[in-house]
Amino acid sequence: MRLSRTANLNLARLRKPERRGAAHVIIGTMLFTFAMMTAFSVDFAYMQLVRTELRSATDAAAKAGAETLVRTHSPEQAIAAAVDYASRNTVGGRDFEIAPEDVILGRASALANGQWEFEEGAIPYNAVRVKSKVGGTGVFAPVQLFFNGVTGVDGFSTTSQATAGQQEIEICLCIDRSASMSYDMRGIDYRFARRNPLLYPGTYYPSGLWRNICSPPHPTGSRWATVNSAVQVFLNQVSTSSAPPRTSLITWSSEATLPFYPETSVTDYSVNVELPAPDSMTWATNSGLISDAMEELGSKPMAGETNISAGLDAAVQLLTATTGKVQARKVIILFTDGVWTNGRDPIEAAQDAADANVTIHCVSMLTDTQQILTEMANLTGGVYYSTSNEAELETAFRELAERIPIVMQE
């Protein structure tokens, strides 16, 4: 018996299993999974933000404590400053808090490998460690997440730690005074600024070139005037520090004698400002002596070649002499407008500085980036600035002044 078409369709429907609603279950499961993933992603991102905010608050507290410790020599005031600066930051949308016992005083010492070691409770104190806590045993409650009802995480807890210290610092400004420092800022040899009021009478010289070479540099248009301005920027910036470092000045070139009036002879280096004694130093006097010495040097002719090692060796000897403090951090800021042309290999001098735990920061002007200065800075843990004009040079000296005072360990 043959069934009609309608009967066949009805029979097919009877044989087919009922699957109505299965897609709803799948979609619902997917939506739930997606919602959970979104919740976890949002809360995870928020937790990372909280960690970043906590780290910033902890760093600020440690730096404030270290600055106050150096300035006041008072452990109580240092702890109070750290607690206060922590509270000036927000974490998770709330004013952050730490307890006084979260601030630990101690001593930070530089190791031979360039790392720092903090010894808790060691005196005399020169560093502050802050251990910040969100939740747990801290005074700051856990941060509530956006989807704690979905994820089941009841508040977020984390910790952060930072140590800041300020060593006593001794600096030597090691400045090039070779013949090229009388040139102008065009970066071309034997080009001098016009209308120099310091030129000696032309009757002394066989040519205008020799007149410029044997006279003092232009008071505003010479390379010496440019570096003098940068040194003043450095001194002014350092003066804003709570504990300005004892600073000396050495200038250098190579030995030379000018053939015409005033027939000046120059040595390969001069200690223009000695390192002040630790117990009698005032920054006003120290910086004033350096300013006066730079001005006086600018009133005399300049001569000689670029004997970098002469200045470096003298600076290392000065910083490691008995007038310095053994525990102080030793820093040389070396400036030159030329490339090494005289004396022993500066890399050898830099290695001697590294062996004596002296850091060398190098600054060049109107030269291409110098590989030798890069190596010298890297060898001693310093930095190198290659500058091409007055603004860049002043920026380099300002940044060096800013980076010296506080050492952030972790």
Within the range 344-395, residues of a type outside the set (D, E, K, R) and part of a loop (DSSP other than H, G, I, E, B) come out as Ala356, Asn357, Leu366, Thr367, Thr369, Gln370, Gly381, Gly382, Val383, Ser388, Asn389
Residues that are out of contact with any strand residue (DSSP E or B) (no Cβ under 7 Å at 6 or more places or on another chain) and farther than 18 Å from Asp95 by Cβ, drawn from the range 47-79: Gln48, Glu67, Thr68, Val70, Arg71, Thr72, His73, Ser74, Glu76, Gln77
Residues of the range 181-201 being small (Gly, Ala, Ser) and surrounded by 24 or more Cβ atoms within 10 Å (Cβ to Cβ), in sequence order, are Ser182
Does any residue of the range 144-160 turn out to be under 30 Å from Ala277 (Cα atoms) and loosely packed, with under 15 Cβ neighbours inside 10 Å? no
Residue in the range 304-321 that is modelled with the highest pLDDT, counting only those that are part of a loop (DSSP other than H, G, I, E, B) and surrounded by fewer than 22 Cβ atoms within 10 Å (Cβ to Cβ): Glu305
Given (1) more than 27 Å from Ser215 (Cα to Cα); (2) touching a residue at least 12 places away in the same chain (Cβ under 8 Å); (3) of a type in the set (S, T, N, Q), identify the lone condition not met by Ser291. (1)
When the range 323-358 is examined, which residues are found to be under 27 Å from Ser229 (Cα atoms), among the polar types (S, T, N, Q) and surrounded by fewer than 23 Cβ atoms within 10 Å (Cβ to Cβ)? Thr341, Asn342
Per the list (1) at pLDDT below 95; (2) over 21 Å from Val271 (Cβ atoms); (3) of a type in the set (Gly, Ala, Ser), residue check on Gly324 breaks on (2)
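Take Gly202 and tell me if it is farther than 30 Å from Val363 by Cβ and at pLDDT below 95. Reasoning before the result, please.
Values: farther than 30 Å from Val363 by Cβ: yes; at pLDDT below 95: no.
So Gly202 fails the test.
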Among the helices (runs of 4 or more DSSP H) contained in the range 1-104, which hold 2 or more residues that are at pLDDT below 60 and either surrounded by 10 or more Cβ atoms within 10 Å (Cβ to Cβ) or outside the structural domain of Pro142 (by TED's automatic domain parsing) (or both)? 5-15, 22-72
From the option list Ser229, Ser254, single residue qualifying as part of a loop (DSSP other than H, G, I, E, B), small (Gly, Ala, Ser) and touching a residue at least 24 places away in the same chain (Cβ under 8 Å) is Ser254
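Any residue that is under 12 Å from Ser309 (Cβ atoms) and not small (Gly, Ala, Ser) - is there at least one of those in the range 361-372?
Step one: of the range 361-372, the residues under 12 Å from Ser309 (Cβ atoms) are 372.
Filter once more, keeping what is not small (Gly, Ala, Ser): 372.
For the range 361-372, residues under 12 Å from Ser309 (Cβ atoms) and not small (Gly, Ala, Ser): present.
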Restricting the range 109-154 to residues that are of a type in the set (Gly, Ala, Ser), closer than 19 Å to Arg55 by Cβ and modelled with pLDDT under 95, the one nearest to the chain's Cα centre (by Cα) turns out to be Ala127
Hey, does the range 330-337 have a residue that's in the same structural domain as Asp189 (by TED's automatic domain parsing), in contact with a Ser or Thr (Cβ under 9 Å, 6 or more places away or on another chain) and among the hydroxyl-bearing types (Ser, Thr, Tyr)? yes
On the given criteria, is Ile372 surrounded by fewer than 21 Cβ atoms within 10 Å (Cβ to Cβ), among the hydrophobic types (A, V, I, L, M, F, W, C) and within 29 Å of Met185 (Cβ to Cβ)? yes
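The values are calculated or read from the model by the stated rules, or taken from the named source; none is laboratory data. The shown structure was predicted, so the numbers you read here are calculated from the model rather than taken from an experiment. Reconstructed Cβ throughout: ideal geometry from the backbone, glycine too, with neighbour counts over all protein chains shown.
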